[in-house]
Each structure stands twice: as C-alpha cells, then as structure tokens.
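The values are calculated or read from the model by the stated rules, or taken from the named source; none is laboratory data. The shown structure was predicted, so the numbers you read here are calculated from the model rather than taken from an experiment. Heads up: the accessible areas ignore ligands, DNA and RNA and are worked out on the full protein's heavy atoms, side chains in. Shrake-Rupley method; radii C 1.70, N 1.55, O 1.52, S 1.80 Å.
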Amino acid sequence: MALNIDNSNFDALVAGDQLVVIDFWAQWCGPCRALTPIIEEVAAEYEGKAVIGKCDTDSNNDIAMQFGVRNIPMLVFLKGGEVKEVHVGLIKKPDLTAKIEAWL
C-alpha cells in the first residue's frame, strides 16, 4: 500500500538514501483517481526497495509548493534528498516501473 506522505513524515523520508516516489494528487482530480490503483500496485511490488507514497495537495499545500506542483497528478522521484525526475500527468504501469528501475 502506498504511504501517506504529509508534514509528519516528509522530512525523514526525503533525508534517506532510498528512492522516494511521491504522487501529488487530490481527491477531486479524476486523472489522480485513475492513477491510484497503479501507484498502489507499484508500491506493493517495490516494498523494501523504494518508498512510494501519495501526498494530498489540498492537505499538504506547503509540500506541494516546495516542489512547484502546478498540475496533478505529478510524480516526483527523489534520491538522497535530490529531485531526480518529475513526471506530470497519467503514466502507464510499465513506464512507471521503468523509471523506478532506472533510479534504484
């Protein structure tokens, strides 16, 4: 299951060396809801290898602003506290897993 990323755990997550994939989303966003099952599947498959989580932009506006989120869904790939890649919009599962593999 994808981790819920918010102000309580954000700093600790991005401080580590593990790959962190953040799905910025909102409940009212149709494409975000369409991406959720893919995020959940990938989170289960990569458990222990990468942290894959969701950050609700409505509840965590300060985190979203930190990454310049203007359109959602937006995926941010972080490693060692640095942004390695950003993807805006829907993504197919094979494309997402290829991006994760590239950064592991």
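Descriptive notes on the structure:
- Between the amide H of residue 55 and those of 5, 23, 24, 25, distances stay under 5 Å, these residues lying 5 or more places away or on another chain, with hydrogens modeled in the peptide plane.
- Using C-alpha pairs below 8 Å separated by at least 6 residues, the relative contact order for the chain is 37 percent.
- Calculated mean residue ellipticity at 222 nm for the chain: -11000 deg cm²/dmol, from DSSP H runs with n ≥ 4 weighted as -39500 (n - 2.57), summed, divided by the residue count and rounded to 500.
- Note that region 18-28 has calculated 3J(HN,Hα) couplings of 6, 5, 10, 10, 10, 9, 7, 8, 8, 4, 7 Hz, one per residue in order, obtained from phi through the Karplus relation 6.51 cos²θ - 1.76 cosθ + 1.60 (θ = phi - 60°); glycine and proline are x.
- Around the amide H of residue 85, modelled in the peptide plane, lie the amide H atoms of 77, all under 5 Å away and 5 or more residues distant in sequence or on another chain.
- Region 22-63-region 67-86 distance, computed between alpha-carbon centres (Å): 12
- Within the accessible area of the chain (1.4 Å probe), percent carbon and sulfur: 52
- Phi angles across region 74-83 convert, under the Karplus curve 6.51 cos²θ - 1.76 cosθ + 1.60 with θ = phi - 60°, into 3J(HN,Hα) values of 9, 9, 10, 9, 10, 8, x, x, 10, 6 Hz, Gly and Pro given as x.
- Each DSSP beta bridge with both residues in the chain is either parallel or antiparallel, and the antiparallel ones are about 55%.
- Built amide H within the under 5 Å cut-off of residue 2, gap 5+: none
- Cα Rg, Dmax, the chain, angstrom units: 12.2, 33
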